[in-house]
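A quick write-up on the structure given underneath.
The values are calculated or read from the model by the stated rules, or taken from the named source; none is laboratory data. Only a predicted model underlies this, so the values are computations on that prediction, with no experimental measurement involved. Heads up, the Cβs are rebuilt from the backbone with ideal geometry, glycines too, and the neighbour counts pull from every protein chain shown. Accessible surface areas use protein heavy atoms only, side chains included; no ligands, DNA or RNA. Shrake-Rupley method; radii C 1.70, N 1.55, O 1.52, S 1.80 Å.
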Amino acid sequence: MPPEAVIGWDLGGAHLKAARLDPTGRVERVVQLPCPLWRGLAELERALDAATSALGPAAAHAVTMTGEMVDLFATRKEGVACLVAAMRTRFGGVRFYAGDSGFVSASEAPGLGTRLASANWMASAALVASRIPTALLVDVGSTTTDLVPIRDHRIRAHGRDDASRLEARELVYTGVARTPVMTLASEAPFQGQSVPLVAELFATAADVHRLCGRLPPDADQHPAADTGEKTEAGSARRLARMIGRDADAAPLDDWRGLARWLAAAQCRRIEDACDLVLAREPLPADAPIVAAGAGRFLAADLAARQGRRCLEFARLVPDPGPEPDRVSDCAPAVAVAWLSQDRGGAGHPPD
């Protein structure tokens with residue numbers, strides 16, 4: 001059968017991402033919506049309503065997920081089963097991405113829970129592997145960073161689930177919006193002293209990158225740590241609390257300087273993981289870094305430090321349509337839709 005128009009869904013724990021592709025594979029529209037799934041499945045239903053309104057109906061749907069990780073569910077297996085049931089109830093023609101097993105039907109999906117769980121990174125990597133022979137995919141999102149080596153059109157990741165990927169440093173729990181600042185460093189230089197950071201959720205990485213002037217407008221879709229305004233002044237106030245101060249204790253430039261140091265600390269953590277991944281799976285010097293996610297500006301920084309060319313994920317999508325930035329922001333949703341149209345077979349060649 002010829003390909004159909006398809007909507008690709010990435011069901012996250014904090015965001016819902018969706019991409020509509022026409023039968024030729026052209027990306028028609030991409031949306032990202034806040035979806036605090038830990039509050040209940042009603043949040044997913046609300047986000048699905050909004051996404052469907054924006055994207056329109058489709059006969060085919062392809063789904064990947066990470067939302068099974070939220071503490072709404074007692075186990076990841078339960079989470080997968082609940083998310084599968086929600087999508088199966090809502091849509092006809094829905095298939096689920098199971099990583100190495102390719103796409104499976106809604107009736108098959110519950111029995112493959114561990115393969116469906118958090119497989120979205122593999123969908124993105126499979127698209128990249130189908131388009132270029134060798135690369136390092138670096139997807140920096142709001143919460144996590146994925147590092148996926150690709151060589152000879154094959155995904156060379158050592159991990160497959162969250163636990164093994166964390167051990168392999170192919171999954172790094174740091175992102176540009178939701179990550180608590182207290183995880184970026186234990187202390188930081190400020191006004192000539194090394195100051196310990198408070199172990200409280202007073203500020204997030206969104207505040208850091210906002211003060212650095214690099215946070216994309218749509219990257220921070222959840223309330224600030226204090227539910228306050230998302231301005232430089234608001235971010236400075238929250239960051240000041242991380243070192244036991246009020247914002248008026250120092251000029252704004254000092255808070256910007258602290259933010260730059262914390263951003264660099266976050267970059268070092270990602271680069272340390274990258275060095276480990278490339279030590280295990282060496283790539284030639286001309287292998288590019290493929291940058292994806294709302295925080296892909298950090299991937300571009302990493303490429304510069306590594307002396308590698310940087311490619312935006314959207315450049316590897318044959319027809320990214322009118323919103324290439326959104327395509328790169330929501331790479332797994334685009335990838336799972338594209339792969340489901342059989343342009344990548346089951347997803348990627350086996351290791």
**Message:** Using a 1.4 Å probe on the protein heavy atoms only, what accessible surface does residue 334 show? Give it in Å² to the nearest 10.
**Reply:** 0
**Request:** Return an integer: the convex hull volume of the alpha-carbon atoms of the range 1-68, in Å³ per residue.
**Result:** 77
**Request:** Please express the Cα-Cα pair-distance distribution P(r) of the range 76-191 as a list of whole percents, one per 10 Å bin, running from 0 to the bin with the greatest distance.
**Result:** 13, 35, 32, 15, 4, 1, 0
**Request:** Roll a 1.4 angstrom probe over the protein heavy atoms and tell me the percent of accessible area of the chain that is carbon or sulfur.
**Result:** 51
**Square roots of 5 times each gyration tensor eigenvalue, C-alpha, the range 248-351, largest first, Å** = 32, 20, 11
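Can you give the helix-only mean residue ellipticity at 222 nm for the chain, where every DSSP H stretch with n ≥ 4 adds -39500 (n - 2.57) and the sum goes over all residues, rounded to the nearest 500 deg cm²/dmol?
-10500 deg cm²/dmol
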**Per residue solvent-accessible surface (Å²) - the chain, probe of 1.4 Å** = 40
**Message:** How are the alpha carbon pair distances in the range 209-302 distributed across 5 Å bins from zero to the largest one, expressed in percent?
**Reply:** 3, 11, 19, 20, 16, 12, 9, 6, 4, 1
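Can you tell me the length gained on complete extension of the stretch residue 77 to residue 195, counting 0.36 nm per residue apart and subtracting the Cα distance? Can you show the working numbers first?
On the way: separation 118, 0.36 × 118 = 42.48 nm, distance 4.24 nm.
Length difference between fully extended and current span is 38.2 nm.
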**Request:** Give, in whole angstrom and from largest to smallest, the semi-axes √(5λ) of the equivalent ellipsoid of the range 79-146, with λ running over the eigenvalues of the Cα gyration tensor.
**Result:** 25, 14, 10
**Request:** With r as the distance between the Cβ atoms of residue 218 and residue 28 and R0 = 30 Å, compute the FRET efficiency 1/(1 + (r/R0)^6) and round to 0.05.
**Result:** 0.95
**Complete:** Between residue 167 and residue 325, the two model label points (7 Å from Cα along the beta-carbon direction) sit apart by a distance in nm of 4.1
**Complete:** re the range 1-140: pairs of Cα atoms spaced beyond 23 Å account for a percent value of 31
**Prompt:** PRE reach from residue 105 (point 7 Å along Cα→Cβ): which of the range 45-65 fall under 17 Å by backbone N?
**Reply:** 60-63
**Asked** For the range 151-310, what does the equivalent ellipsoid look like in terms of its semi-axes, each the square root of 5 times an eigenvalue of the Cα gyration tensor, given largest first in whole Å?
**Response** 31, 15, 15
**Prompt:** Which value, in Å² and to the nearest 10, is the accessible area of residue 310 when all protein chains are kept and the probe is 1.4 Å?
**Reply:** 50
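Expressed in nm to one decimal, what extension gain is obtained for the pair residue 39 and residue 90 from 0.36 nm per residue of sequence separation less their Cα-Cα distance?
Difference between extended and current length: 16.4 nm.
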**Prompt:** With r defined as the distance between the Cβ atoms of residue 153 and residue 280 and R0 fixed at 25 Å, what FRET efficiency is calculated, to the nearest 0.05?
**Reply:** 0.85
